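Take a look at the structure below.
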Amino acid sequence: MPDWSQATVARPRAAERTAAPAEEEPELELEAPLGPFVVIETEEPARPRSAAAATVTPLKTPVILPEIGAEESAEAQRETRQNLTLAERILSRTRGRALSPLQADLAGKIRGFARDARAAAREGDWMRARSLAEKAQLLSQELARAL
């Protein structure tokens with residue numbers, strides 16, 4: 001460990017200025033050369049040359065569905081259809097009406113859940129379809145109370 005007992009504070013000395021004749025500093029002018037401008041035209045990206053490469057469709061991501069029995073699947077389908085029917089019936093009452101911002105938000109969410117439920121049903125995921133349809137139906141009941 002260093003011994004700091006004999007340390008002192010030192011300050012730098014300012015350099016002395018010598019009196020020099022006052023000369024005007026030259027004024028610098030910056031000029032950017034204005035030459036001819038180059039216009040670069042870009043082309044569209046190259047397209048595949050072979051017909052086989054152009055017709056290749058991307059693979060869908062696999063969907064993992066829970067294994068459910070025939071009875072449970074039939075029940076989920078029935079509940080999905082029932083909940084979607086109820087939700088759409090209440091949504092139909094809003095057509096042609098001026099809705100408050102809260103009501104419009106609820107109607108938008110109901111439409112979104114119903115759309116997603118139909119998409120899940122088309123994919124055969126009846127458990128997800130039932131869950132989404134139930135959410136749409138519950139929100140539609142809230143909307144009916146707000147009408």
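Since every read-out is calculated from the coordinates, none of them should be taken as a lab result. Please read all numbers here as calculations on a predicted model, not as lab measurements. All Cβ positions, glycine included, derive from the backbone under ideal geometry; neighbour counts span all protein chains shown.
Structure notes:
- Filtered residues of segment 130-147 (kept if surrounded by fewer than 20 Cβ atoms within 10 Å (Cβ to Cβ) and closer than 21 Å to Gln77 by Cβ): Ser131, Glu134, Lys135, Leu138
- Matching residues, segment 90-129, being surrounded by fewer than 12 Cβ atoms within 10 Å (Cβ to Cβ), touching a helix residue (DSSP H, G or I) at 6+ places or on another chain (Cβ under 9 Å) and closer than 15 Å to Gln141 by Cβ: Leu102
- Pairing each residue of segment 124-138 that is among the acidic types (Asp, Glu) with any residue that is part of a helix (DSSP H, G or I), provided the two are 6+ apart or on different chains, yields C-beta distances under 7 Å for Glu134/Asn83.
- Residues satisfying the stated conditions in segment 124-146, i.e. charged (D, E, K, R) and over 24 Å from the mean Cα position of the chain (by Cα): Asp125, Arg130, Glu134, Glu142, Arg145
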